[in-house]
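Colleague: Here it is, the structure in full.
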Amino acid sequence: MLLNKESSGIRWRTRPDGQGKVSGKLQYLTDMSADGMLVGRVLRSHQAHARILSIHTELALKVPGVYAVITHEDVPGLNGFGIALPHQPVFCSERVRYTGDAIAAVAADTDEIAEYALSLIEVNYEPLQLIDDPEQAMKEDAILLHAEGNVLHHTEYRKGQPEAAFENCSHVVEETYWTPRQMHTYMETEGGLFIPENNGRLTVYSATQHGLTDRKQLSRILAIPEEAIRVISSPIGGSFGGKDELNVQPYGALLALRTRRPVRLHNSRAESIRAGLKRHPMKITMKTGCDQAGKLIAHQVRILSDTGAYATLGAEVLNFATEHVMGPYIIEHVDVEGFAVYTNNGVSGEFRGFGGNQAIFALEGQMDRLAERLAIEPWEMRRRNLRQYGDLGPLGQEIAQTDGAMQVWEALAASPLMSGVDSTTKGNQANGTTDEPWIVTGVGAAIAMHGAGLGYGIPDPAGGRLILALDGKIEAVFGYEEFGQGLIATMEQMLIEQFGFAAEDLRIVIGDTDVVPDSGSSTASRATSMMWMAFKRLHPDFTARLLEAAVEISPETKRDNLRIGPGGIWMKDGEMFLSYSELARRISAPIICETKFSYPTTPFERVGAHFLYTYSAIAIKVSVNLLTGRVRVTDQYHAVAAGPVANPQGYLGQIEGGSSMAIGFTLSEDALMSGGSYITKNLDTYLVPTIADMNGSIQVQPIEDLPDHDTYGPRGIGEVGSVNLAPAVASAVFQAVHKRVNRLPIEPEWLQDTPFIPQKVVNANA
């Protein structure tokens, strides 16, 4: 059954935060202000690679309305940040490594004064050799960008004897794939408000996907206890991984503590482009071989990832890509090697899909090419090699067993887009239209298995708290953030369906380090699973505590005759016994239940290896204009095996939003750089898909079945709508024009059929 409003019935509910968002009344963190507030601005390097000879701030300090000018000398603690490796300088002192590197920051009365003060700061540089190509960075004679070398991380995975196995292959395809430097392009750019409190504490209102990690990092930088910092991290106007890492927080915090006044920072779009994280551009070379029956035998992969000037999570993204270049397929002989390499380009980091988009684009391209060699249907080629129930994971690790791979394959095979489609038919012959002969169409498909959670060996805590507060509200308290993914709505839906509460009974508390437990980060498609597991753990104890409290008030009532429900405690025969408000008035202290656990991981000892996977298959129909070379996605069909649908509206929203972002990745988005500087400086030259590009049909078929022994509940689907769209579009483009795509975004000029154009002109004039 397709997922939509009609099929969801009463489960289709209005988002609790929906009205505020669509009306413009919801106050985001960058909308905030405070009495006596100053404006903060950051001076960033105009050199991509240089030695700093001197920094002079004297003239800036003399400007009326300027209250602070700070540099590396004013960082009391660690002059560095980074979730995994804290080596990106807060302020550079000796060397800059990209044009987003921070040199100084200013706090002033107005934006104009702050900007003027920045212009008066004199920085003298000695240019150094520029390295803007990861292959150049890996040469033995290349200048070292960091003391440990130019390779941030190196991965390897080998099994069998791939070199010998290739000799026994009937067909071998070799191809190199390139993927772009994509921007997150969130509507709310990085920013926040930083308030030094009278009690000596610092309150930080700033977007992050894990407030507790931000607090830890700020504590190290400011050299103050974590308990002295409060981070408010919701609501957020989009993130997609880009605000997982610190951005403006160190500068706002330092300026606020220096001036003892509230300081607001908010990046312009141009500043966000210059200093913000991007998706890792990758070059992936694959050699894949199969036998005459289409069984995969050998697979060799080389991954080169441009991580930019600093690490952030570049190593972890490479680990993920290394794991996902085998996909949902059984391959006996494998040789994978990857390098995440420092360059003087902009910093690459966390991004929806986390390396999966790049890896799956290359792998699925190989499957299409092998199918062509064998002269079989590409979808049949995939079936012959799919993992089965009981098979180990891509790295040979134990995984949670489901039939997800075959389920999505079968669902897509039966979909309207796939059934009866001849993969050898070119252009509009497939649908018989000839009104516009320069418009040709094609259908393509791709499949993926996508790991959720942080993986083996990486701390991945989870947990939550339920409270009957003294005002009668049921509080659900979790250390997550709402950044548009619908987390609040999903949590509310779970509480209604698992406990029987009414929406009016509930108060969701998230995004405040002063009150939330450590639930882990709002990343890696993990939050939905962890909320569901937490509520399953909390349900028996919290229910028992509520009923026991009710019985204490009325001892003549037997607990077995009571149940919890909407509005309060009910008699099992149907009468309301006691409202939650009444119960709260009769107890002396809040009823609190808490759970702590960790995200499920494989026992296989390889850092980053995953245990829970979501399976997704997608069919795409495209139209290609041979006059302009433009590709338009007209229809999508997604089959997703992710366990039960926790929130129908949110589920669809994630698939639709992910596919929109993937269309940009595939067709138009690339933050171009030259000489270590962005050519792309704003959205006037960076084409993000709009509603006009998403006005075709999107159908989603959720597969909710899980094995009886599976206790892990719904899987996250925040990324699976994006990871396999690119190869499906590439396959569809091939069906339309018989050109194989190996580079994203697809260049329109490459698809233009120039001999075709004059012929059409002649025909039109006939």
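Colleague: Suppose the Debye formula is applied to equal point scatterers at every Cα of the stretch 487-548; what is log10 I(q)/I(0) at q = 0.16 Å⁻¹?
Modeller: -0.58
Colleague: Residues with amide H under 5 Å of F81's amide H, sequence separation 5 or more or different chain, H placed in the peptide plane at 1.01 Å from N; which?
Modeller: Under 5 Å from the amide H of F81: H87, Q88, V90.
Colleague: Among W379, W570, what is the fewest-to-most ranking by other Cβ atoms within 10 Å?
Modeller: W570, W379
Colleague: Could you work out how much longer the chain between E94 and R269 gets when fully extended? Use 0.36 nm per residue separation minus the Cα distance between them, nm to one decimal.
Modeller: That works out to 60.2 nm of additional length.
Colleague: Of L583, G200, H49, which is farthest towards the positive pole of the chain's charge dipole, taken about the Cα centre with +1 and -1 on the beta-carbons of Lys, Arg and Asp, Glu respectively?
Modeller: L583
Colleague: Assuming 0.692 mPa s and 37 °C, estimate D for the stretch 461-598 with Stokes-Einstein, Rh taken as the Kirkwood radius over Cα pairs, in µm²/s.
Modeller: It diffuses with D of about 214 µm²/s by this estimate.
Colleague: Which length gain, in nm to one decimal place, applies between R158 and H46 when the Cα-Cα distance is subtracted from 0.36 nm times their residue separation?
Modeller: Full extension from R158 to H46 adds 36.0 nm.
Colleague: Run lengths n ≥ 4 of DSSP H only: what is the helix-derived mean residue ellipticity at 222 nm for the chain, with -39500 (n - 2.57) per run over all residues, to the nearest 500?
Modeller: Theoretical 222 nm ellipticity from helices: -8000 deg cm²/dmol.
Colleague: Further, regarding this structure: Could you give the length gained by full extension between T14 and D573, i.e. 0.36 nm per residue of separation minus their alpha carbon distance, to one decimal place?
Modeller: 198.2 nm
Colleague: Could you check the spin-label model distance between E497 and T176? Points 7 Å from the Cα along Cα→Cβ, value in nm.
Modeller: 4.8
Colleague: Now for a separate question. Show the residues, 5+ positions off or on another chain, whose built amide H is closer than 5 Å to the amide H of Q699.
Modeller: When sequence neighbours closer than 5 places are left aside, the close amide H contacts are Q636, Y637, H638.
Colleague: Highest mean first, how do 495-503, 619-627 rank when packing is the count of other Cβ atoms within 10 Å averaged over residues?
Modeller: Ranked from most to least packed, the peptides come out as 619-627, 495-503.
Colleague: Would you indicate which of (i) 15; (ii) 24; (iii) 20 is the value of percent of Cα pairs over 49 Å apart derived from the coordinates of this structure?
Modeller: (iii)
Colleague: Any idea which of V737, P16, F604 is furthest toward the positive side of the dipole for the chain, if Lys and Arg beta-carbons carry +1 and Asp and Glu beta-carbons -1?
Modeller: With unit charges placed on the Cβ atoms, the residue in question is P16.
Colleague: For R260 and L470, FRET efficiency with R0 = 51 Å and r from the beta-carbon atoms, rounded to 0.05?
Modeller: Working: r = 36 Å, r/R0 = 0.70.
Result of the calculation: an efficiency of 0.90.
Colleague: Additional query: Karplus couplings for the stretch 597-612 from phi (6.51 cos²θ - 1.76 cosθ + 1.60, θ = phi - 60°), rounded to Hz, Gly and Pro as x?
Modeller: 7, 10, 4, x, 10, 6, x, 5, 7, 9, 4, x, 5, 9, 10, 9
Colleague: Can you tell me the dipole magnitude for the chain around its Cα centre, using point charges on the Cβ only (Lys, Arg +1; Asp, Glu -1), in Debye to the nearest 20?
Modeller: 480
Colleague: With a 10 Å Cβ neighbour count serving as the proxy for reagent exposure, in which order, fewest first, do E380, E556, E364 appear? Could the numbers behind the result be given before it?
Modeller: Values: E380 14, E556 5, E364 25.
Least crowded to most crowded, the residues run E556, E380, E364.
Colleague: At a Förster radius of 41 Å, what calculated FRET efficiency corresponds to the Cβ-Cβ distance of L144 and R373, to the nearest 0.05? Provide the component values of the computation, followed by the final result.
Modeller: Details: r = 44 Å, r/R0 = 1.06.
With a Förster radius of 41 Å, E is 0.40.
Colleague: How much net charge surrounds P180 when only the other residues with a Cβ under 10 Å from the Cβ of P180 are counted, with Lys and Arg +1 and Asp and Glu -1?
Modeller: Taking every other residue near P180 into account, the sum is +2.
Colleague: Pop a pseudo-label 7 angstrom from the Cα along the beta-carbon direction at both E552 and S581 and give the gap in nm to one decimal.
Modeller: 2.3
Colleague: Under unit Cβ charges (Lys, Arg +1; Asp, Glu -1), what dipole magnitude, rounded to 20 debye, does the stretch 461-598 have relative to its Cα centre?
Modeller: Around 340 debye, computed over the stretch 461-598.
Colleague: Per-residue HN-Hα couplings for the stretch 317-328, Karplus 6.51 cos²θ - 1.76 cosθ + 1.60 at θ = phi - 60°, whole Hz, x for Gly and Pro?
Modeller: Those phi angles translate into 5, 5, 4, 5, 4, 4, 5, 9, 6, 8, x, x Hz.
Colleague: What FRET efficiency would be calculated for the residue pair K295, S598, taking the C-beta separation as r and a Förster radius of 41 Å, to the nearest 0.05? Walk me through the numbers before you get to the answer.
Modeller: On the way: r = 38 Å, r/R0 = 0.93.
Calculated transfer efficiency: 0.60.
Colleague: Now for a different question. Once label points are set 7 Å from the Cα along Cα→Cβ at both D35 and I458, what is their separation, rounded to one decimal in nm?
Modeller: 4.5
Colleague: To continue, here is another question. Enumerate the calculated ³J(HN,Hα) couplings along the stretch 394-406 in order (Karplus 6.51 cos²θ - 1.76 cosθ + 1.60, θ = phi - 60°), each rounded to whole Hz, writing x wherever the residue is Gly or Pro.
Modeller: Listing the rounded values in order: x, 9, x, 8, 5, 10, 5, 7, 9, 9, x, 4, 5 Hz.
Colleague: Sort out for me the Cα centre separation of the stretch 10-50 from the stretch 88-142, rounded to whole Å.
Modeller: Using only Cα atoms to place each centre, the spacing works out to 26 Å.
Colleague: Along the positive direction of the dipole of the chain (beta-carbon charges: Lys, Arg +1; Asp, Glu -1; about the Cα centre), which of M187, G664, F478 reaches farthest?
Modeller: The Cα lying farthest towards the positive end belongs to M187.
Colleague: Still on this structure, I have one more. Could you list, in their original order, any pairs among K159/K739; K243/K283; K243/K596; K25/K62 whose Cα atoms are separated by more than 29 Å?
Modeller: K159/K739; K25/K62
Colleague: So for T14, T528, fewest C-beta neighbours within 10 Å to most, what's the order?
Modeller: So the residues, fewest neighbours to most, are T14, T528.
Laboratory data are not the source of any read-out in this text; all were calculated from the coordinates shown. This structure is a prediction, so every number in the text was calculated from the model and none was measured. Cβ coordinates were reconstructed from backbone atoms using ideal geometry, including for glycine residues, and neighbour counts include every protein chain displayed.
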